[in-house]
1. May I ask you to list pairs of residues, at least six apart or on different chains, whose Cβ atoms are under 6 Å apart, with the first in the range 8-19 being over 16 Å from residue 50 (Cβ atoms) and the second being assigned to a helix (DSSP H, G or I)?
2. Of all residues being small (Gly, Ala, Ser) and not in a helix (DSSP H, G or I) in the range 213-232, which is farthest from residue 29 (Cα to Cα)? Just the residue, please.
3. Check whether at least one residue in the range 218-235 is touching a Gly at 6+ places or on another chain (Cβ under 8 Å) and without any contact (Cβ under 8 Å) to a residue 60 or more places away in the chain, and report yes or no.
4. Determine the pairs where a residue that is free of Cβ contacts under 8 Å to residues at least 40 places away in the same chain, located within the range 46-66, has a partner that is away from the ligand (no atom under 12 Å from the Cβ) and of a type in the set (Lys, Arg) with Cβ atoms under 9 Å apart, the partner being 6 or more residues away or on another chain.
5. Can you pull out the residues in the range 51-77 that are near the ligand (Cβ under 9 Å from one of its atoms), within 20 Å of residue 108 (Cα to Cα) and out of contact with any Pro (no Cβ under 6 Å at 6 or more places or on another chain)?
6. Among the residues of the range 20-42, count how many are open to solvent by 40 Å² or more (accessible area, probe 1.4 Å), of a type outside the set (D, E, K, R) and within 14 Å of the ligand (Cβ to nearest atom).
7. Taking residue 66 and the conditions (1) in contact with a Lys or Arg (Cβ under 8 Å, 6 or more places away or on another chain); (2) in a strand (DSSP E or B), which numbered condition does it fall short on, given that it satisfies the others?
Amino acid sequence: MITAMEVVLTGATGFIGRRLIPRLAAGGHSLRILGRALRKGLPASASFAIWDAAESAPPVDSLAGASAIVHLAGETVAQRWTPDVKRRLRTSRVDGARRLVESLARASPRPAALIGASAIGYYGDRGDETLTEESPAGGGFLAEICRDVEAALGEAASLGVRVATLRIGVVLGPEGGALARMLPPFRLGLGGRLGSGRQWMSWIHVEDLAGLVCHALEGDLRGAVNATAPNPVRNSEFTSALARALRRPGLFPVPEFALKLLFGEMSEVLLGSQRVLPRAAEASGFRFQFPEVFSALKDLLK
Ligand SMILES: NC(=O)c1ccc[n+]([C@@H]2O[C@H](COP(=O)([O-])OP(=O)(O)OC[C@H]3O[C@@H](n4cnc5c(N)ncnc54)[C@H](OP(=O)(O)O)[C@@H]3O)[C@@H](O)[C@H]2O)c1
């Protein structure tokens, strides 16, 4: 029997947040949303307070008395990393996490759990190595940001808060993230592997991710948690599964130099290899509804 919680949610308007809201409601939880602006489509039953993670600490009273926090807000990674974007990525994510914990320290009564978003970018580019939560961080801009975010959120543990940081993989959902960008060329039969296609892609169905966030909230996961399906695939395997799911050819590879030209340093996200296993999630009893990429894609595209 799960006790209903009052959950503070940041990033509610994002791709993952929007999928999470109905899951939290279905679990009987009530919501306090923190965001940069009150936007259309947020549930009328939720309370709302303004918070811009890149600017200030959240109001202490927006946290006090809540049961738990789910922190998803942050500047999107999926854009060209100009110096200004890099600054926004850092301030919204690392400073945002620090400021959240600052307010948490002052909140009374204090929420008992903090579930925060990190990413598999933590591991950097790791070839064929199998990565678990025990694996060390890798190199590169994103790895540095993820490490700093995790360290900042981890400070809440010294306040007696249970902290779980989700190292989220490539989230698959037709309405956002990587898949939404890949669908137009693939639907036209113009899709194909990225670069050599040998890089490992650790993906997760958006509904499994929403389920894992709820599992982390309701259970006792703590520390780093890989939020990826148990069967990562090489990019070439992913793209051929996507072409097959759409019944289109997937024979048009995008060469590495073109990705680098188009996306600059951000191409490390597309070309980097991370073969990640969800050890902590599975050990805690979480059951993935979509462990295989083809059935996940078939479900998402039906
Ligand atoms: N999608 C993926 O494949 C993926 C993979 C790995 C990790 N993640 C992580 O999971 C979290 C949620 O992902 P998502 O795909 O739902 O992200 P998203 O769609 O980009 O939404 C993130 C939310 O963060 C807030 N935000 C955006 N820019 C901001 C800024 N400069 N300063 C402060 N707040 C800002 C916005 O909420 P408001 O405007 O309402 O404040 C936005 O709706 C993110 O931290 C992301 O890095 C996602």
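The values are calculated or read from the model by the stated rules, or taken from the named source; none is laboratory data. Treat the numbers as computed from the prediction; the structure is a model and nothing was measured. Counting neighbours? That spans all protein chains shown, and the Cβs are built from the backbone with ideal geometry, glycine included. Note: accessible area is taken over every heavy atom of the protein model, side chains too, but ligands, DNA and RNA are not part of it. Shrake-Rupley method; radii C 1.70, N 1.55, O 1.52, S 1.80 Å.
1. Once the first residue is over 16 Å from residue 50 (Cβ atoms) and sits in the range 8-19, its partners that are assigned to a helix (DSSP H, G or I) give 15/177; 19/206; 19/210.
2. Filtering first and then ranking leaves 229.
3. yes
4. So the pair list comes out as 46/32; 47/32; 48/32; 49/32.
5. If we filter the range 51-77 for residues that are near the ligand (Cβ under 9 Å from one of its atoms), which is where we start, we get 51-55, 71-77.
Of the ones still in play, those that are also within 20 Å of residue 108 (Cα to Cα) are 51, 71.
Matches in the range 51-77: 71 only.
6. Here the count works out to 2.
7. Just one mismatch for residue 66, condition (2).
The rows are residues; the columns are (1) at pLDDT 95 or above; (2) open to solvent by 10 Å² or more (accessible area, probe 1.4 Å); (3) outside any loop (DSSP other than H, G, I, E, B).
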{"site": "45", "(1), (2), (3)": "no, yes, no"}
{"site": "49", "(1), (2), (3)": "yes, yes, yes"}
{"site": "57", "(1), (2), (3)": "yes, yes, no"}
{"site": "103", "(1), (2), (3)": "yes, no, yes"}
{"site": "143", "(1), (2), (3)": "yes, no, yes"}
